[in-house]
Each structure stands twice: as C-alpha cells, then as structure tokens.
C-alpha cells in the first residue's frame, strides 16, 4: 500500500516537472530564438529603430521652411496692420485750414469786413499767413492800413485820380445815387502805401486793377461790373444786402 502511494506521488511530481520544462522551452522559442532565415532579423531587436529616420526627415521641411513661412506671414500681417492704422489716422486727422484772407473776393456773400477784422487780434497784429516770418514791413503797414480803411465806411472805392474807369464808377455811386453812410474813396496813386495796397487787394480779392468797389469788405468788381448791375436794376439791392449789417441805405439822387 505504501509502495503504491509513493509511486503515485512520484508520478505526479514527474508530470509537473515535465510540464514546467515544456512551458519554458516554448517561451524561449517565442522570445529569444532569432529567425535566421529572414535577412536583417538579428538587427530587429537591437539595431533597428521603430520608425525609419529617413521617413522622419522626409516629413520635416528642409532648411527651416516652416519657420520661414511663419515669419513671412507674421511680417505681412504686421505690415497690413500698420497700413490700416495709418489709413485710420489719416481719415480722422483734421484737414489743415487754408490761410485766412483779409478781405473777400469778388461776388462773395461772406461777412466781408467782419471776417477781415477777425484776422487781426486786439492789438491789430495780423493772424494766419499774414503773420509769417517772411512778411516785410511795407506789407505789414499795408495790412494795417487796409484794416483801418475798411472801418471808415461800409462802401469803399479804391480808385486812381487819372483813371477814366475810376471816374465813371465814382460818378455812378456818388452822383447818380445817394448812399448813407457816404462811400469812402481811396486814391491809390496819391496814397503813401498805394502800390502796397493795390498788391494786397490783388492777393485778397483777385482784382489788381482800379476801380475796386468793396461793400462791407466784399469786392463787387469794377466800373463795368457795377454798370451792369445798375442797368439790370440790381445794384441797389446788391449794395444794401451786403451792407445790411451796417445799415447801408441807397436811393437815386433827386
């Protein structure tokens, strides 16, 4: 009986040992035995990378191309933003005003003398372009004199004693009509600043010849101009409208 038990136990032990040996042999074959029949098999486990380096290099842009493309794109965006900012600034920027004028050109319906006087400060100093450093003493004196003349009467006749057109204009305004306050006549050929005043009138009114008739600082032209207005029946209305601020009245002389 004892011999039978020992034999059974020995059989069980031998079976377990044989099973363990077979299992280890199988593991060795699967994980450690190289396949010498496949070329380069010995390098698979130790010498060959998981990913082919050449494949990596093929996917990578040569010479930093991606970085260069990104840099160019950023530069273009910065330039575009700068141009847009400049455009907005220019659009919002106020326009530079033109240089002020002492008097108003022919036919203008602006405020005339009031606008002319506003070009000077309380001390009589000219403002704007007239106050530039290139202004001569004679030009400054002419501006001051013109300012003074414009205050003397609403209707100013710039004339010359020997000019036939000036005589014609003075006859029409001084003899045919009664204007109140009476017109003030400036004879440029005898005035100490006559040439300077004539140049200033040409610059400010666009008319460099005489006569030059001004109503409340607004030039209405010369002899032919007022004659045409008179023939059309519009001279009285024209002068009274421009001189309304200073209560100018005008009627035919009886």
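Quick note: the coordinates plus some simple rules give every number you see, no bench work behind them. Since we're looking at a predicted model, the values are computed, not measured. Neighbour counts are summed over all protein chains in view; Cβ atoms, including those assigned to glycine, are modelled from backbone coordinates with ideal geometry.
Once you place label points 7 Å from the Cα toward the Cβ at residue 168 and residue 203, how far apart are they in nm?
Going from the residue 168 label point to the residue 203 one covers 3.0 nm.
Out of every Cα-Cα pair in region 150-254, what percent are more than 25 Å apart?
In whole percent, the long-distance tail amounts to 13.
Full-extension gain between residue 140 and residue 178, please, as 0.36 nm times their residue separation minus the C-alpha to C-alpha distance.
Between residue 140 and residue 178, full extension yields an extra 10.2 nm.
What percent do you get for the relative contact order of region 173-254 when only Cα pairs under 8 Å and 6+ apart count?
35 percent
DSSP beta bridges in region 113-252, what fraction antiparallel, as a percent rounded to 5?
Among the beta bridges of region 113-252, antiparallel pairing accounts for roughly 75 percent.
Taking the Cα-to-Cβ direction at residue 12 and at residue 80 and moving 7 Å from each Cα, how far apart do the two end points lie in nm?
8.5 nm
At a threshold of 8 angstrom on Cα-Cα distance, excluding pairs fewer than six apart, so keeping six or more, what relative contact order does region 113-252 reach in percent?
About 26 percent, as a whole number.
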